[in-house]
Amino acid sequence: MVDSIIITPGYIIRKQPYKERGFMIDLLTEKLGRVKLFLQQGRAQKRYSANLELFSRSEWTLKPGRTFFFADAIDLEESIRLGGKLIWSGYYLNELLLRLFPEYQEDEGLYAAYELALKALDSNYRIEPALRFFERLLLMHLGIFPDLSSDHEDQMIESHRTYFLRRDEGISRYPRHDALPLPGGFIQKIEADLPNFNLNTEEARAYKTMMRYLYEPLLQGRPLQSRVWLQKLYYPHKS
């Protein structure tokens, strides 16, 4: 943890009551990564109540304590209000960060991908590419996104081949019972680390399936509650 006051943009990704004295807040910040902040009840909480909504970006003046930060100032920069199905996608982003992104690890690229995803949700435009980009950068931060430029024998990916993705060895030419088949042309298309892929419907579905395959062991059999509730509320017939 830093030992001096720092000013950084950041988003609240969780806010919980804490010991009847205030709120414990999880922030995703540009300069510090994910941090915990305590905001005490009283005039400070009332003063900043409008700035403490999920998905809103503020400039935070943070003062370090022993185990968490305190807010010296909170200046609202942009407010995003999601509703309907879209809010559950926002909760999904936050839940992934809370479960998988360690505290106090700066990653400006992941912060930017989170911001991009929120803007896509807010505008209801090109949501799936933005979500896949965020998922990808989080996996890259964790060091488990596969190398898509070549197979595990260092052979270049060929568009006409079918390859097989395994979590422990990456892209292979050889089928395995626990591997995910992927067309070579599709792998070439998503190899560039870009948030604005132009994928057709089948390719977009394949990319989503690939991400779920990679995230499955990280979730350790505990389903994401954002997905559970989205399913219950909007797709109960699929349960």
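The values are calculated or read from the model by the stated rules, or taken from the named source; none is laboratory data. Note that the coordinates shown come from a computational prediction; the quantities given were computed from them, not determined experimentally. Backbone-built Cβ (ideal geometry, glycine too); neighbour counts: all protein chains shown.
To keep it simple, each residue is scored yes or no on (1) among the charged types (D, E, K, R); (2) at pLDDT 95 or above; (3) within 18 Å of Glu30 (Cβ to Cβ).
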| residue | (1), (2), (3) |
| --- | --- |
| Arg43 | yes, no, no |
| Lys46 | yes, no, no |
| Glu53 | yes, no, no |
| Leu62 | no, yes, yes |
| Arg66 | yes, no, no |
| Ala73 | no, no, yes |
| Ser89 | no, yes, no |
| Tyr92 | no, yes, no |
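Here is a list of conditions, (1) surrounded by fewer than 12 Cβ atoms within 10 Å (Cβ to Cβ); (2) in contact (Cβ under 8 Å) with a residue 60 or more places away in the chain, and His237 meets all of them except one; can you say which number that is?
For His237, the failing item is (2).
In segment 199-214, which residues are touching a Leu at 6+ places or on another chain (Cβ under 9 Å) and either outside the structural domain of Lys189 (by TED's automatic domain parsing) or β-branched (Val, Ile, Thr) (or both)?
Hit for segment 199-214 is Thr209, nothing else.
Mind checking which pairs have a first residue in segment 187-202 that is surrounded by 10 or more Cβ atoms within 10 Å (Cβ to Cβ) and a second that is at pLDDT below 75, Cβ under 9 Å, 6 or more apart or different chains?
Sorted first by the residue in segment 187-202, then by its partner, the pairs are Lys189/Phe197; Ile190/Phe197.
Can you pull out every residue in segment 145-184 that is touching a residue at least 24 places away in the same chain (Cβ under 8 Å) and loosely packed, with under 15 Cβ neighbours inside 10 Å?
Passing the criteria: Asp147, Ser149, Glu158, Ser159, His160.
Say we look at segment 50-68 and pick out the residues that are over 27 Å from Leu121 (Cα atoms) and of a type in the set (A, V, I, L, M, F, W, C); which of these is surrounded by the most Cβ atoms within 10 Å (Cβ to Cβ)?
Leu62
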